[in-house]
Amino acid sequence: MQGKLTLIVALSSIAGWLSIEAYSQQAVDATVPVKNLRWSTEGGSGGSVGQRIPLLVTVTAIGAPDTTGKAKIEFVLTNAGENDLRIPVSPQPADLEPTNPNTDYTVTHLGLFIAEANRTKVLRGRADLYGKSNTELSLINLPRGHHIRVLANVWFPHISEAEKSTLSFKAGAIEDYELFRNRDGRRVLDSQEIGSSFSKEFTIQSLFFAPDSDVGTAQTQPR
């Protein structure tokens, strides 16, 4: 009996490791059409704590931008902390809604984006991932040093040849809790930031036109 129990525990550990490895080898496709929430919200509140999350983000271009500036970007999210990191992986927030519109519920949201480094302008296109504690596979525990990949469409501005090597950008990751609840007969959304991380600056030249495959990347440094 003891031998069988040991075997079961071992197999369970392997299954958990394989599930994380599967995420490491596959990409969460955030370019798919996002379903609308069934119930709209009217107002709410938000808060920021200014903390940094132990998440390294590498961005890699999957091909050059098209004539509209649209490019497929791969965000690689790596746990740089000491412990497992629980992160959301579902691009469909509507799948996390309860069947009863009067039910309060909370989701974890992770937003990935690219912005001009010296300005406040965030580029069009991003990835938004959601997770809910009682919804299977919407949240994963990412072990230290492990990663997952997220695909997103981002539109880059049309710039001159000179600016391709001088205009800088940075990638960002912001995680927050989103609480949906009913207040005075209205459905509101209150959010509370968990933390964020931003990348070193990079240029269009380094991202899209680097001669070596490992040059056109920008790794975030929690700070």
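What number goes with the only condition from (1) under 30 Å from residue 99 (Cβ atoms); (2) at pLDDT 90 or above; (3) outside any strand (DSSP E or B) that residue 145 does not pass?
(1)
Is it true that some residue in region 41-57 is among the acidic types (Asp, Glu) and either farther than 28 Å from residue 186 by Cβ or surrounded by 14 or more Cβ atoms within 10 Å (Cβ to Cβ) (or both)?
Checking region 41-57: not a single residue is among the acidic types (Asp, Glu) and either farther than 28 Å from residue 186 by Cβ or surrounded by 14 or more Cβ atoms within 10 Å (Cβ to Cβ) (or both).
Take region 49-58 and flag every residue that is under 29 Å from residue 27 (Cα atoms) and either part of a loop (DSSP other than H, G, I, E, B) or modelled with pLDDT under 80 (or both).
As a first pass, look at region 49-58 and keep what is under 29 Å from residue 27 (Cα atoms): 50-58.
Scanning region 49-58 gives 50, 51, 53, 54.
Condition test on residue 68, is it at pLDDT 65 or above, hydroxyl-bearing (Ser, Thr, Tyr) and at negative phi? Let's see the steps before the verdict.
On the way: at pLDDT 65 or above: yes; hydroxyl-bearing (Ser, Thr, Tyr): yes; at negative phi: yes.
The answer is yes for residue 68.
Pick from 113, 169, 180: which is modelled with pLDDT of 90 or more, more than 19 Å from residue 75 (Cβ to Cβ) and part of a strand (DSSP E or B)?
On inspection, the qualifying residue turns out to be 180.
Residue by residue, here is whether (1) surrounded by 13 or more Cβ atoms within 10 Å (Cβ to Cβ); (2) under 12 Å from the mean Cα position of the chain (by Cα) holds:
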position: 59; (1), (2): yes, yes
position: 63; (1), (2): no, no
position: 72; (1), (2): yes, no
position: 91; (1), (2): yes, yes
position: 109; (1), (2): yes, yes
position: 118; (1), (2): no, no
position: 127; (1), (2): yes, yes
position: 134; (1), (2): no, no
position: 152; (1), (2): yes, yes
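Residue by residue, here is whether (1) among the hydroxyl-bearing types (Ser, Thr, Tyr); (2) more than 29 Å from residue 209 (Cα to Cα) holds:
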position	(1), (2)
67	yes, no
80	no, no
116	no, no
139	no, yes
150	no, no
157	no, no
171	no, no
179	no, yes
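Look at region 59-110 and say how many of its residues are more than 29 Å from residue 204 (Cα to Cα), part of a strand (DSSP E or B) and hydrophobic (A, V, I, L, M, F, W, C).
Qualifying residue count for the region: 2.
The values are calculated or read from the model by the stated rules, or taken from the named source; none is laboratory data. Computed from a prediction, not measured in an experiment: that's the story for all the values here. FYI the Cβ positions are ideal-geometry reconstructions off the backbone, even for glycines, and counts take in every protein chain you see.
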